[in-house]
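The values are calculated or read from the model by the stated rules, or taken from the named source; none is laboratory data. Model, not experiment: these values are computed from the prediction. Virtual Cβ from ideal backbone geometry, glycine too; neighbours counted across all protein chains shown. For the accessible areas, the whole protein counts, side chains as well, though only heavy atoms, and no ligand, DNA or RNA atoms are used. Shrake-Rupley method; radii C 1.70, N 1.55, O 1.52, S 1.80 Å.
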Amino acid sequence: MFGKLVYGKFSLKETFWKFCIVGIFFCSIVTKIFKSFLLQKLNGVTISYYYSHYFSPLNMDNMILFLTIGYFVCLLALVLYSIMVLFGIWRSSAEYSKSVWMRHIARLVTLLVIYCGLRFVL
């Protein structure tokens, strides 16, 4: 399925609405949930400051470690998924023959959605 997405085998409508809008929204929400739980557990300290000043492997908090790993895995998945969606939109819009305007609008809105999704979780 991801191979078909990257190579633009789905229609522009399906790629834009299913994968871009819904997919990036879902990935952003899951990543934001992990981040909010992690920040609540850290009591206002940033992740880098916690691991450079407070973290000790001998008496570590397993929940903070789990939430940190979950957050970074979700963030990596969001970035990789966004790249795949961007390639998919670009390739499927290149084959869209109904309207030149819709082709370019879909590309611009995709860039905006990816930017907003990443901005939301960072």
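Points worth noting:
- Of the solvent-accessible surface of the chain, computed with a 1.4 Å probe over protein heavy atoms with every protein chain present, carbon and sulfur atoms account for 71 percent.
- The mean of 1/r over all distinct Cα pairs in the chain, once inverted, gives the Kirkwood hydrodynamic radius of 15.9 Å.
- Loop-located trypsin sites (Lys or Arg not before Pro) in the range 43-122, at most 12 other Cβ atoms within 10 Å (DSSP): K98
- Solution diffusion estimate, µm²/s, Stokes-Einstein, the range 61-122, Kirkwood Rh from C-alpha pairs, 4 °C, viscosity 1.567 mPa s: 97 µm²/s
- Note on exposure: H104, H53 ranked by accessible area (1.4 Å probe, complete protein assembly) read H53, H104, with the most exposed listed first.
- At an R0 of 25 angstrom, the distance between the Cβ atoms of V109 and L39 translates into a FRET efficiency of 0.25.
- Candidates V45, V22, V73: whichever shows maximal mean-square fluctuation once the chain is modelled as a Gaussian network with Cα springs under 10 Å: V45
- Top of W90, W101, W17 by mean-square fluctuation, Gaussian network on the chain, Cα under 10 Å: W101
- Between G70, G88, G44, the residue with the greatest mean-square fluctuation in the GNM of the chain (Cα pairs under 10 Å linked by springs) is G44.
- Axis angle, to the nearest 10 degrees, between helix 62-94 and the longest C-alpha principal axis of the chain: 10 degrees.
- Accessible area per residue for the chain is 66 Å², calculated with a 1.4 Å probe on protein heavy atoms, without ligands, DNA or RNA.
- Over the chain: helical MRE at 222 nm, DSSP H runs n ≥ 4 each giving -39500 (n - 2.57), nearest 500: -22000 deg cm²/dmol
- Pairwise FRET efficiency - V6 versus Y54, Cβ, R0 = 41 Å, nearest 0.05: 0.50
- FRET efficiency for the E95 to V22 pair, using the beta carbon distance and R₀ = 25 Å, is estimated at 0.70.
- Axis angle, to the nearest 10 degrees, between helix 100-121 and the longest C-alpha principal axis of the chain: 0 degrees.
- Sequence-distant lysines (8 or more away, or on other chains) whose Cα lies within less than 20 Å of K41: K32
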